[in-house]
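One structure is given here, and the rest of the page talks about it.
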Amino acid sequence: MKVRLERCRKRYLGQVMDIERRSFEQPYEREVFESYLGSDLFIVALDNDRVIGYAIATVKGVIVSIAVLPEYRRRGVGKMMLEKLLLYVATGKIKLTLRVSNLGAHRFYEHMGFVREGVIRNYYENGEDAFIMVIRR
Ligand SMILES: CC(C)(COP(=O)(O)OP(=O)(O)OC[C@H]1O[C@@H](n2cnc3c(N)ncnc32)[C@H](O)[C@@H]1OP(=O)(O)O)[C@@H](O)C(=O)NCCC(=O)NCCS
């Protein structure tokens, strides 16, 4: 598999939405993705022309979302995308929130050097708490 990273273009949004729906209980709406189009911090991972992952960050140092197609997980794609975004957001504190139940992602972020900074109670619609994780650059 030869994976390349690119800025997300409009024509990839359908595939990004498919990954989103297959990855999250409460997927973001298409409009959320549209609002990040044009940003260097909205990237996709491509295997030939198939979108196999996406990641979004903001210039202020927030990781908005990252997901990889289930059948492509544990092959370094998430790491490749997050490393690229961390290069763009080069200084200061980079932050994200995730469900306390999302153990796989928790391990992933720890592997990438993030540490747990706190908990936000009742952060999600179903009442679940969120962990705040940070990395300093
Ligand atoms: C989190 C996610 C993006 C990771 O992507 P990925 O491409 O599978 O991750 P990588 O292959 O780059 O993993 C790098 C390292 O992180 C750790 N890791 C990743 N996923 C893990 C898991 N499910 N359990 C334990 N450790 C994990 C491992 O140390 C891994 O290295 P290894 O495979 O050599 O052991 C992917 O699991 C995913 O899309 N999950 C669903 C969406 C989600 O929860 N996103 C995060 C919340 S915003």
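The values are calculated or read from the model by the stated rules, or taken from the named source; none is laboratory data. Keep in mind it's a predicted model, so treat the numbers as computed, not measured. A quick note on method: Cβ atoms are made from the backbone with ideal geometry, for glycine too, and the neighbour counts reach across all protein chains shown. Accessible surface is based on the protein model in full, side chains and every heavy atom, while ligands, DNA and RNA are left aside. Shrake-Rupley method; radii C 1.70, N 1.55, O 1.52, S 1.80 Å.
What to note about this one:
- Meets criteria (near the ligand (Cβ under 7 Å from one of its atoms) and under 16 Å from the mean Cα position of the chain (by Cα)) for Leu82: no
- Of all residue pairs spaced 6 or more apart or on separate chains, those with beta-carbon atoms under 9 Å, a first member in the stretch 61-89 that is charged (D, E, K, R) and a second member that is at pLDDT below 95 are Arg75/Met1.
- Only a single criterion out of (1) within 26 Å of Val3 (Cβ to Cβ); (2) over 13 Å from the mean Cα position of the chain (by Cα); (3) within 13 Å of the ligand (Cβ to nearest atom) is not satisfied by Ile132, namely (1).
- Checked against the criterion of being touching a residue at least 12 places away in the same chain (Cβ under 8 Å) and either within 13 Å of the ligand (Cβ to nearest atom) or closer than 18 Å to Arg4 by Cβ (or both), the candidates Leu103, Leu46, Leu37 yield just one match: Leu46.
- Residue check for Pro70: within 13 Å of the ligand (Cβ to nearest atom) and more than 19 Å from Lys2 (Cα to Cα): no
- Boolean, Arg137 is more than 7 Å from the ligand (Cβ to nearest atom) and either in contact with a strand residue (DSSP E or B) (Cβ under 9 Å, 6 or more places away or on another chain) or free of Cβ contacts under 8 Å to residues at least 60 places away in the same chain (or both): yes
- Taken as a whole, the condition of being open to solvent by 80 Å² or more (accessible area, probe 1.4 Å) and either out of contact with any Pro (no Cβ under 7 Å at 6 or more places or on another chain) or within 13 Å of the ligand (Cβ to nearest atom) (or both) applies to Arg121.
- Yes/no for Leu37 being at pLDDT 95 or above, in contact with a strand residue (DSSP E or B) (Cβ under 6 Å, 6 or more places away or on another chain) and over 27 Å from Gly127 (Cβ atoms): no
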